Structures are given as structure tokens and as C-alpha cells.
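> For reference, the structure I am asking about is given below.
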Amino acid sequence: MQPSEIVLIGVFLSGIATFLLRSGRREQGLPPGPPTVPVLGNVHLLGNGKDLHLRMSQWASTYGDIFSLKISSRTMIVLSSATAVKEVVDKKGWAGSSRPGNYIAEICGTGAESNLIFAPDCPRLRNLRRTLARFFSAQNAPRYLPAQAAESTILLHDLMVHPQDFSESIRRYTYSLTKIMTYGRRAPSFADEDVQQFYSSVDELNHVLAPGVYTLFDIFPFLQYLPVPSSAPWRVLAQRVETVRTGLHTNMCDRVRYGLTAGNKQSAECFVGTVLRSDVPDGEDHFYSYTGIALLDAGSDPTAAFLLSLVLVLAVYPECQARAWKEVNELMGATRLPILADLAGAPYVCALIKEILRFKPQFPLGVPHLMTDEATYKGHHVPKGSIVVLNTYGIFHDPDVFEDPWIFNPERFLKSEQGTRPGRDANFRDNLIFGGGRRVCPGQSVGQSTMELTTMRLIWGLKFSSARDPATGTFISRELDWYSSDLIAMPRSFICTMELRSSERRDIVLQALGEARLYLSQFEGT
Ligand code: HEM
């Protein structure tokens, strides 16, 4: 070997050694955080991602509302106050609103190239976000009220007739509503093939996208190049998810295209029809139309997660249910179904909704952002390229801001607008559960009104109570801690009892049912 080659190898090896030694170390100026170990940084503290939001909240109480984690050579900044979110994400505009890559989403065929949720900041994303903002704006949201009213009547009826299937009924409901807005078609039954396929792929996707074991592919990108047999379980799962979603996308999109040529009004007015009719830039058809599937993902389960939490809360907190029912009952009694406008006269129900969202936010750690520029907060450096986590759960469980945050107590929202201790709500905004910056949820107005209208109607028509678990013989616990720790926090399967409030109410639902079915029939058929 020539001496020059030996020198080259030496330089190369010392480069690797320096990289490894530096990798995982917290650079000066970064916000504080848990002690790191060489190479891994804090990776070993993330575990398998289970209950990561609880650990994040503990770290926030130790290190403050901005702390950092070293994910090997990458930096993760965790924001745990409304002020930190405002300063680092909201105020930075697009510079605080890109997305880090997601290898698993990519191999499931639903990554940055096709799915806006994972897309980094780029001109096509900004264009699409403008279209979404117009389509789902607060001004446009009332357009969907008739569908929300009709589908929620169907939901009430389903719960009256098959109370034990409440979880399926709720998931059908939120999927159907989102499908009407997105593809101009509804889903009449949970047993429908597309509903089954969609939910089985979403359950698998939510699981592999949760922070944890699969994130290792993004932390150590070299893992992506290791030879992995196609029979490896996660490869099989990814392939299955990809096949199902591509099939759903193609099928639903083709129906919208067909509807457009046939002059079908519902196809023309839905989101996918709207983008297919507009001048989509060359080569962007797939990115634009695949947004339909992304909307189904983003719209169905977060709304269902709230409604399932609502059922659970009503069942295990009878005193809260009694108060909410009294309020709704005083508004319309057994004369008619509640409508959205009734909420203005139901302050306790409003407080109940807010408390459920505070107690069990659907995205406990938001959806990660990526900084494309640096920022400074409280003198700490937030570098360009760092991943930013909006620790929604931690923000809503900070004891300095919320009195007894671990106690479920809707009353706090009757005492102050944001439910916070006096003087601690300066930077709280109503829509914190919907994320922040330029990636804030575009469906928030529709999502909010669905949650509100459905809450009123369920409380009006049904009485929920805790049931005894036949396996253990115990009542459903009050702790409300039996939740999935995937990307979206959903109550795990539970049982509860639902009874009709009165025969007059049943008659009102049955009367409204015919009209609801008639209205919804426009979203059915070939
Ligand atoms: C009702 C409950 C809902 C909650 C709690 C919720 C929450 C969120 C959150 C936290 C994000 C991430 C925001 C961020 O990155 O900072 C998000 C993104 C998104 N949401 Fe929602 N959402 C809900 C309903 C909906 C509905 C009904 C739709 C549409 C039909 C929708 C469409 C989307 C889309 C498309 C994104 C991705 C935006 C992007 O990456 O640019 N969401 N949502």
C-alpha cells in the first residue's frame, strides 16, 4: 500500500470516528434536554414510542417549554407551551412548517411524493393548501351542514338499533361524511368493502407511523439500504397498505371522473371533482387527486376518536352527562333534533367538548414539522433542519397553566375561555388541537362543527352508562387511560350501555330518518 493511500484511509477512519463521537452530542446553544449518550443521543429514551407523550410531558416539566432531544445526529425540538408554538412555529410561517421525511410512509406508497400530509414545503404543496383552504374555509363549511345533519340522524338511529356496535357506527359516520366532501359519495354501511379496506389500512398505517421502532429508518437512513427480505413482516404490511390504498384511490377517482363526464353534480362539487376540473399543473394529477385519500385519513379517524372519547366520558362521568343533558333538554326537550345553532345556548356542553379535547387530544404530539430556517426562543437556538414536535398533550397538562390538569373537569372552561389559571391564557388559541403554522389543519371548521353537532345529538337522544366488562367483571375505569398510542390516540375497544332517552325522541329520530335518507340518496348509486 502506498503511503498516500494509508494517509487517505487514516483521514477517512478518523472522519468516521469524529462523526460517531460527535453524533448524539447536544450542540451548544440548543435548548436543554435529557443527557445524551454517544452516537444514539437520546434515541434509547424513546423506547418503542408507547406513551411517548407522557415522557415528553415529564421532560417538559424538568427542562421547560422548549427542550431538545438528540436523535443521533438529528435535532428534535419539543414545544410544550402555547407561547413556544406561537414563537417558533406560527410566527415563522413556512420556515417552521415543512415536514421531515418519512421512509415508512414512502414505502407504503403514501409519502411526500403523493400525500400532502408528508409533503415538504414546496410550490405544489402551497398551491394545494390554497385550494384546500378555499374548499374547507369557515365560510364554505356551512355547505356541509345538511350532510352533517342527515348523517348524524342516521348515526343516532344506528345507535338506537345496534347500540353494541357503536364503535363501527361512529367510524362509518365520520368516514361517510368525509367521503361525501371528498368524493361526492357516501358509505351506507360499515360492512361496505371500501370502508373495511380503508379502516384496515388506516389502522395498520397509524401503527407504523407512530413514533417508535419504525422511525429508526429515518433516524439512521443507512438502514433503508440494508437488504431486507420481501417476506419481512413490515415489508408485507407496507405492500398490503400500498395495494389497498392504490386500489381505493383509483376506484374512487375513476368514479369521480365518470361522474364529471356524466354531468353529476355531486362529482363536480366534491373536493376531488373540484381539483380535477381545475387546471392542475402538468404532471401533478396524482398529487392533487391522491389528496382525496389523505383527506379520508385526516378527516375520519380524528373525528371518530373524539366521538369515542365522548361516549366513554359520558359513560364514566354520569354527573357530567346529567348536567349536559339537562342543558340540552331545556333547549328543545322532545320537540325536535338539536341543530348546530343550539350550541350557543349550551355553555356546559361547549365546556364538555373543550375538556374532552384538552384531556384527550387526538394528536397528542401533533404531526412533526421541519424547520427550513433557524429560530430563537428564550435565547435558545432552534436550528434549520430540526424536527419540531408540538407537544399538544403536554401543553394541555401543564400544571402551571391548568389547575389539576389530570382531573377531568369541564367546569374549568366555564371559569375562563381557555380553561387556564387566571392570566395564563395570553397565547392560547381555540384551535391548538388542530396544529400550527402553515400546516394547521385545513379541515378544522368542518371537524369542529361535526364534533359539536354530534355531541348535542348524542346527549339529546341517548343515555350512556358504564357497563361491566364480562371478561374481568369490573366496570369501565374512570382513568380513561386505555388508549392506543399510535399517531392518533383512540380509546381502545370498550363496552358501554346506551338507552333511548324516551319514546318521543325515538319518534323524532324516525321521522327525521326518511328525510335524511332521501337527502343522502344523492350520494349513493353508481
Ligand atoms: C375533528 C378533528 C380533527 C383534528 C383534531 C385534526 C387535527 C389535525 C392536526 C393536529 C393536523 C396537523 C397540523 C400540523 O401539522 O400542525 C392536521 C392536519 C390535517 N388535517 Fe386535520 N384534524 C381534524 C379533522 C380534519 C378534517 C375533518 C379534515 C378534512 C376533511 C382534516 C384534514 C387535514 C389535512 C389535509 C391535514 C394535513 C395538512 C398538511 O399537512 O398541510 N382534518 N389535522
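The values are calculated or read from the model by the stated rules, or taken from the named source; none is laboratory data. The model shown is predicted, which means the values in this text are computed figures rather than measured ones. All Cβ positions, even for glycine, are placed from backbone atoms using ideal geometry, and neighbour counts span all protein chains on display.
> So in the range 274-301, with the set limited to residues that are more than 15 Å from the ligand (Cβ to nearest atom) and at pLDDT 85 or above, which one is surrounded by the fewest Cβ atoms within 10 Å (Cβ to Cβ)?
Restricting to residues being more than 15 Å from the ligand (Cβ to nearest atom) and at pLDDT 85 or above, the top hit is Arg277.
> Also: Of everything in the range 156-176, what is free of Cβ contacts under 8 Å to residues at least 40 places away in the same chain and either on the phi > 0 side of the Ramachandran plot or in a helix (DSSP H, G or I) (or both)? Give them in sequence order. Before you say what the answer is, go through the steps one by one.
Just the residues of the range 156-176 that are free of Cβ contacts under 8 Å to residues at least 40 places away in the same chain, to begin with: 158, 161-162, 165, 168-169, 172, 176.
Answer for the range 156-176, where residues must be free of Cβ contacts under 8 Å to residues at least 40 places away in the same chain and either on the phi > 0 side of the Ramachandran plot or in a helix (DSSP H, G or I) (or both): Asp158, Val161, Asp165, Glu168, Ser169, Arg172, Ser176.
> Same structure again: Check off (1) within 20 Å of Leu159 (Cβ to Cβ); (2) within 16 Å of the ligand (Cβ to nearest atom); (3) at pLDDT 95 or above for Asn329 and give me the number that stays unchecked.
(2)
> Can you work out which of the residues in the range 34-62 that are on the phi > 0 side of the Ramachandran plot and within 27 Å of the chain's Cα centre (by Cα) is surrounded by the fewest Cβ atoms within 10 Å (Cβ to Cβ)? Working first, answer last.
Initial filter on the range 34-62 (on the phi > 0 side of the Ramachandran plot): 39, 41, 47, 49, 51.
From what is left, the residues that are within 27 Å of the chain's Cα centre (by Cα) are 47, 49, 51.
Details: Gly47: 13, Gly49: 19, Asp51: 15.
Going through the qualifying residues, I end up with Gly47.
> Being modelled with pLDDT under 90, within 16 Å of the ligand (Cβ to nearest atom) and closer than 24 Å to Ala489 by Cα, is that true of even one residue in the range 235-244?
No, the range 235-244 contains no residue that is modelled with pLDDT under 90, within 16 Å of the ligand (Cβ to nearest atom) and closer than 24 Å to Ala489 by Cα.
> Now, a different point. So which residues in the range 106-123 are assigned to a helix (DSSP H, G or I), more than 20 Å from Asn431 (Cα to Cα) and within 12 Å of the ligand (Cβ to nearest atom), if there are any at all?
So the first thing to find is which residues in the range 106-123 are assigned to a helix (DSSP H, G or I), and the list is 106-107, 116-118, 123.
Adding the requirement that they be more than 20 Å from Asn431 (Cα to Cα) leaves 106-107, 116, 118, 123.
Listed by number, the residues that qualify are Leu116, Phe118.
> Here are Ser73, Ser114: which of them is more than 19 Å from the chain's Cα centre (by Cα) and either buried (at least 23 other Cβ atoms within 10 Å of the Cβ) or modelled with pLDDT under 95 (or both)? Full working, then the answer.
Numbers: Ser114 fails: more than 19 Å from the chain's Cα centre (by Cα).
Selected residue: Ser73, the only one of Ser73, Ser114 that is more than 19 Å from the chain's Cα centre (by Cα) and either buried (at least 23 other Cβ atoms within 10 Å of the Cβ) or modelled with pLDDT under 95 (or both).
> Would you mind stating whether Ile395 is under 16 Å from the mean Cα position of the chain (by Cα) and modelled with pLDDT of 95 or more? Don't jump to the end; show me each part of the working.
Details: under 16 Å from the mean Cα position of the chain (by Cα): no; modelled with pLDDT of 95 or more: yes.
It is false that Ile395 is under 16 Å from the mean Cα position of the chain (by Cα) and modelled with pLDDT of 95 or more.
> Yes or no: the range 421-437 includes at least one residue that is assigned to a helix (DSSP H, G or I) and more than 16 Å from the ligand (Cβ to nearest atom).
There is no residue in the range 421-437 that is assigned to a helix (DSSP H, G or I) and more than 16 Å from the ligand (Cβ to nearest atom).
> Return a yes/no flag: does the range 441-461 have any residue that is touching a residue at least 40 places away in the same chain (Cβ under 8 Å), of a type outside the set (Ser, Thr, Tyr), closer than 30 Å to Leu500 by Cα and not in a helix (DSSP H, G or I).
Scanning the range 441-461 turns up no residue that is touching a residue at least 40 places away in the same chain (Cβ under 8 Å), of a type outside the set (Ser, Thr, Tyr), closer than 30 Å to Leu500 by Cα and not in a helix (DSSP H, G or I).
> To continue, here is another question. Looking at the structure I just gave you, is Tyr348 within 20 Å of Phe306 (Cα to Cα) and more than 13 Å from the ligand (Cβ to nearest atom)?
Details: within 20 Å of Phe306 (Cα to Cα): yes; more than 13 Å from the ligand (Cβ to nearest atom): yes.
For Tyr348, the condition - within 20 Å of Phe306 (Cα to Cα) and more than 13 Å from the ligand (Cβ to nearest atom) - is met.
> Could you check, for the range 226-244, whether at least one of its residues is touching a Leu at 6+ places or on another chain (Cβ under 6 Å) and buried (at least 17 other Cβ atoms within 10 Å of the Cβ)? Give the steps one after another, and end with the answer.
We begin by selecting, within the range 226-244, every residue touching a Leu at 6+ places or on another chain (Cβ under 6 Å); these are 241.
Checking which are buried (at least 17 other Cβ atoms within 10 Å of the Cβ) leaves us with 241.
Yes, there is a match, as at least one residue in the range 226-244 is touching a Leu at 6+ places or on another chain (Cβ under 6 Å) and buried (at least 17 other Cβ atoms within 10 Å of the Cβ).
> Among what's in the range 154-168 and is more than 16 Å from the ligand (Cβ to nearest atom) and crowded, with 23+ Cβ neighbours inside 10 Å, pick the residue that is nearest to Ser493 (Cα to Cα).
Looking only at the range 154-168, we keep the residues that are more than 16 Å from the ligand (Cβ to nearest atom), and these are 154, 156-168.
Then keep just the ones that are crowded, with 23+ Cβ neighbours inside 10 Å; that gives 156, 159.
On the way: Leu156: 20, Leu159: 16 Å.
In this case the residue turns out to be Leu159.
> May I pose another question? Can you tell me which residues in the range 302-326 are of a type in the set (S, T, N, Q) and more than 16 Å from the ligand (Cβ to nearest atom)? I'd like the intermediate steps shown before the answer.
First, pick out the residues of the range 302-326 that are of a type in the set (S, T, N, Q): 303, 309, 321.
Result: Gln321, single match.
> Conditions: (1) surrounded by 19 or more Cβ atoms within 10 Å (Cβ to Cβ); (2) touching a residue at least 24 places away in the same chain (Cβ under 8 Å); (3) small (Gly, Ala, Ser). Ser23 meets all but one. Number of the miss?
Status for Ser23: all satisfied but (1).
> Still on this model: I'm told Arg492 meets every condition in (1) under 23 Å from Ser152 (Cβ atoms); (2) at pLDDT 80 or above except one. Can you identify the failing condition by its number?
Going through (1) under 23 Å from Ser152 (Cβ atoms); (2) at pLDDT 80 or above one by one, Arg492 breaks only (1).
> Determine which single condition Ser493 fails, assuming it passes every other condition in (1) under 29 Å from Val208 (Cβ atoms); (2) within 12 Å of the ligand (Cβ to nearest atom); (3) of a type in the set (Gly, Ala, Ser).
Result: Ser493 passes all but (2).
> Could you list all residues from the range 269-283 that are touching a residue at least 40 places away in the same chain (Cβ under 8 Å) and in a helix (DSSP H, G or I)?
Glu269, Phe271, Val272, Gly273, Thr274, Val275
> Just one of the numbered conditions (1) in a loop (DSSP other than H, G, I, E, B); (2) closer than 26 Å to Leu487 by Cβ is not true of Leu357; which one?
Unmet for Leu357, out of (1) in a loop (DSSP other than H, G, I, E, B); (2) closer than 26 Å to Leu487 by Cβ: (1).
> Another question, if that's okay. Note down all Cβ pairs under 9 Å where the first residue falls in the range 144-155 and is under 10 Å from Glu515 (Cβ atoms) and in a helix (DSSP H, G or I), the second is modelled with pLDDT of 95 or more and among the acidic types (Asp, Glu), and they're at least six residues apart or on different chains.
Short answer, once both residue conditions are applied: Ala150/Glu515; Thr153/Glu515.
> For the condition farther than 24 Å from Val280 by Cα and crowded, with 18+ Cβ neighbours inside 10 Å, what is the one hit in Ala141, Ala84?
Result: Ala84 is the single residue among Ala141, Ala84 that is farther than 24 Å from Val280 by Cα and crowded, with 18+ Cβ neighbours inside 10 Å.
> Within the range 374-400, how many residues are assigned to a loop (DSSP other than H, G, I, E, B), within 16 Å of the ligand (Cβ to nearest atom) and over 21 Å from Ser73 (Cα atoms)? It would help to see each step written out before you state the result.
Restricting attention to the range 374-400, the residues satisfying the condition of being assigned to a loop (DSSP other than H, G, I, E, B) are 374, 378-379, 383-386, 391, 397-400.
Those still in the list that are within 16 Å of the ligand (Cβ to nearest atom) too: 386, 391.
Of the ones still in play, those that are also over 21 Å from Ser73 (Cα atoms) are 391.
Here the count works out to 1.
> Which of the following residues is of a type in the set (A, V, I, L, M), at pLDDT 95 or above and in contact with a Lys or Arg (Cβ under 9 Å, 6 or more places away or on another chain): Leu352, Leu310? Give the derivation first.
Values: Leu310 fails: in contact with a Lys or Arg (Cβ under 9 Å, 6 or more places away or on another chain).
Of the residues listed, the single one that is of a type in the set (A, V, I, L, M), at pLDDT 95 or above and in contact with a Lys or Arg (Cβ under 9 Å, 6 or more places away or on another chain) is Leu352.
> Are any residues in the range 71-87 touching a Leu at 6+ places or on another chain (Cβ under 7 Å) and within 22 Å of Asn42 (Cα to Cα), and if so, which ones?
In the first step, residues of the range 71-87 are kept if they are touching a Leu at 6+ places or on another chain (Cβ under 7 Å); the result is 72, 75-76, 78-79, 82, 85.
The answer is Ser72, Thr75, Met76, Val78, Leu79.
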